[in-house]
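*Asks:* Have a look at this one.
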Protein chains: 2
Amino acid sequence: MGDNEGIDKSFLDTVKFDDRGLVPAIVQDHETGKVLMMAWMNRESLEMTLERKKACYWSRSRNKLWLKGESSGNMQEVFDILIDCDGDTLILKVSQIGGACHVGYHSCFYRKVNEDGSMQICDTLMFNPEEVYGKKH
Amino acid sequence: MGDNEGIDKSFLDTVKFDDRGLVPAIVQDHETGKVLMMAWMNRESLEMTLERKKACYWSRSRNKLWLKGESSGNMQEVFDILIDCDGDTLILKVSQIGGACHVGYHSCFYRKVNEDGSMQICDTLMFNPEEVYGKKH
């Protein structure tokens with residue numbers, strides 16, 4: 001049992017953060033199984049996610065905690081968190097408001113490889129990023 | 001267009017390998033959408049995967065190319081490869097023979113977090129690792 005009353009730390013203590021203190025989180029629609037994005041969490045963002053049941057990550061580019069949807073409104077309600085055999089990768093099963101991708105697609109994985117090595121779009125555009133984030137984004 | 005006849009390199013040139021020369025690949029069942037594992041690829045293993053349509057990774061622990069299933073027989077036939085907006089994460093959509101996880105489960109993500117912070121098993125055991133890999137594994 002953990003230090004706080006009634007809080008079991010066995011999950012948190014199983015997570016292996018890398019040498020930067022981060023763990024990758026695969027984000028999946030909890031109903032369809034569609035993979036929406038991958039992001040990175042530090043222990044603080046993981047604890048916030050567990051408490052609030054809203055996905056919170058560590059932004060490597062901005063070097064700060066990042067509550068998903070804080071700018072765009074495209075929050076992620078978290079239904080389940082899974083951990084892999086090695087403890088170094090997580091899955092978040094979420095309900096995604098709007099699109100997950102800053103480009104405007106439902107999923108960040110909106111391109112697939114063709115047989116000849118070129119790519120094609122394979123997803124749906126959900127919003128116009130200029131309208132959501134402003135022209136400067 | 002690429003250097004080789006008829007081979008378009010636009011996908012390969014879009015992939016952003018990290019400072020170790022690696023990119024994470026999320027491995028998903030191509031029919032059910034279930035996430036089976038996450039592994040790492042270098043450019044060579046990605047090119048092998050594209051050519052053979054069998055998943056090939058870079059083993060960070062063994063520091064060598066790793067054709068998935070070479071020991072266990074649990075190969076992954078690759079149907080699609082997707083790439084994210086930043087070009088730094090891939091999805092492989094596969095058909096998995098047996099289980100993906102070396103512990104014997106169908107998916108490496110065989111544990112989920114409970115409300116109180118403890119964990120429970122949420123997946124099916126597919127094989128006995130001692131029988132597949134031998135007692136020393």
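Readers should treat all values here as calculations from the given coordinates under stated rules, not as data from a laboratory. Keep in mind that what you see is a predicted model, and the values were worked out from it rather than measured. Cβ sites come from the backbone with ideal geometry, for glycine too, and all protein chains shown count toward neighbours.
*Asks:* For chain A, what does the relative contact order come out to in percent, with C-alpha contacts under 8 Å and a separation of six or more?
*Replies:* Contact order relative to length: 19 percent.
*Asks:* If you take the alpha carbon radius of gyration of the protein assembly as shown and divide it by 2.2 N^0.38 Å, what ratio comes out, to two decimals?
*Replies:* 1.01
*Asks:* Could you list, in their original order, any pairs among A:LYS53/B:LYS64; A:LYS68/B:LYS53; A:LYS9/B:LYS54; A:LYS9/A:LYS93; A:LYS16/B:LYS68; A:LYS54/B:LYS34 whose Cα atoms are separated by more than 31 Å?
*Replies:* Long pairs (Cα-Cα over 31 Å): A:LYS53/B:LYS64; A:LYS68/B:LYS53; A:LYS9/B:LYS54.
*Asks:* Eigenvalues of the Cα gyration tensor times 5, then square-rooted: what semi-axes does that give for chain B, in whole angstrom, largest first? Working shown, then result.
*Replies:* On the way: eigenvalues 161, 63, 40 Å².
The equivalent ellipsoid of chain B has semi-axes of 28, 18, 14 Å.
*Asks:* Given charges of +1 on the Cβ of Lys and Arg and -1 on the Cβ of Asp and Glu, with all other atoms neutral, how large is the dipole of the protein assembly as shown about its Cα centre, in debye to the nearest 20?
*Replies:* 340
*Asks:* Separation between the A:LYS54 and B:ASP18 pseudo-spin-labels, each 7 Å from Cα along Cα→Cβ, expressed in nm?
*Replies:* Distance between the two pseudo-spin positions: 2.8 nm.
*Asks:* Quote the charge dipole size of chain B about the Cα centre in Debye, to the nearest 20; the model charges only the Cβ of Lys and Arg (+1) and of Asp and Glu (-1).
*Replies:* With Lys and Arg at +1 and Asp and Glu at -1, about 600 debye.
*Asks:* By what distance, in whole Å, do the Cα atoms of region A:56-132 stretch along each of the three principal axes, largest value first?
*Replies:* 37, 36, 26
*Asks:* What do you get for GluC sites (Glu not before Pro) in region B:44-129 restricted to DSSP loop and a cutoff of at most 15 other Cβ within 10 Å of the site's Cβ? Could the numbers behind the result be given before it?
*Replies:* Working: sites: B:GLU44, B:GLU47, B:GLU51, B:GLU70, B:GLU77, B:GLU115; in loops: B:GLU70, B:GLU115.
Hits after loop and neighbour filter: B:GLU70, B:GLU115.
*Asks:* Please find, among residues of chain B, the one with the beta carbon closest to the rotation axis relating it to chain A, distance in whole Å.
*Replies:* B:GLY33, 1
*Asks:* Compute the angle between helix A:43-52 and the longest alpha-carbon principal axis of chain A, please, reported from 0 to 90 degrees and rounded to the nearest 10.
*Replies:* 90
*Asks:* Still on this structure, please answer the following. Quick check: pseudo-label points 7 Å beyond the Cα along Cα→Cβ at B:SER71 and B:LYS9, how many nm apart are they?
*Replies:* Between B:SER71 and B:LYS9, the simple spin-label model gives 3.5 nm.
*Asks:* Here's something else I'd like to know. Determine the calculated [θ] at 222 nm for the protein assembly as shown from helices alone, applying -39500 (n - 2.57) to every DSSP H run no shorter than 4 residues and normalising by the residue count; nearest 500 deg cm²/dmol.
*Replies:* Per the formula, -3500 deg cm²/dmol.
*Asks:* Still on this structure, I have one more. In a shell of Cβ-Cβ distance under 9 Å around B:VAL78, excluding B:VAL78 itself, what net charge do Lys and Arg (+1) and Asp and Glu (-1) give?
*Replies:* Cβ neighbours under 9 Å give a net charge of +2.
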